[in-house]
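Here's the structure, in structure tokens; my notes come after.
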Amino acid sequence: NSVTYQDIDEHILIVGAAENTRDMVLGSYRMASFSDYGETVELCAPGQDIFTTSDPLYQITEGTSFSAPMVTGAATALWAINPDLQAKDVHRLLLDNCTVSCYAGDGQSGSYPMLNIGAAVEALIKEMNGEQVCAVYIMDSETGEPIEGATVTLLDFSMFSSKPDLDEISNAQD
């Protein structure tokens, strides 16, 4: 049994590198001169003028090896919000929620979506449409079992002008 490209296609996202400056006239980014171009590139992320650690301190560098981890981190953030997502769901959320493009330069043609993790997270939360985003369990400290019927009250302390006392909290809950 051999594995074909079609078997793994939805699990792959090919990332190009973008310059780290937005063209304010065009409203888009430009692909870095060293980045790959063409039909296989599906998404781009910053890959130029990246401030990173180096021996002995720091340096500004470039490479698609910086772009790809940004996309990986974005995918990880989506899975952290909803661990039940399939690879194809993450792929779609990342690609469908890009708000600006990255255009090819230096004699190349094409335009590629630029990673926008904020828009992807927002879309995912809207898709979940009221489903539980955060779970809170009150656990018995001795058994480690959830305590049935336990409730959690979240308070908005911004309504208090100073640190509240217990009477104020009790009155606020009524």
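Just so it is clear, none of the values below were taken in a lab; they were calculated from the coordinates. Treat the numbers as computed from the prediction; the structure is a model and nothing was measured. Cβ placement follows ideal geometry from the backbone for every residue including glycine, while neighbour counts extend to all protein chains displayed.
Which listed residue (104, 47, 94) has the Cα farthest towards the positive end of the charge dipole for segment 45-146, taking +1 on Lys and Arg C-beta and -1 on Asp and Glu C-beta about the Cα centre?
104
What does the C-alpha gyration tensor say about the overall shape of segment 5-111? Classify as rounded when a/c is under 1.5, otherwise prolate if a/b is larger than b/c, or oblate.
oblate
Could you list the GluC sites (Glu not before Pro) in segment 1-90 that lie in coil according to DSSP, counting only those with at most 13 other Cβ atoms within 10 Å of their Cβ?
Taking segment 1-90 and a limit of 13 other Cβ atoms within 10 Å, the loop GluC sites (Glu not before Pro) found are 39.
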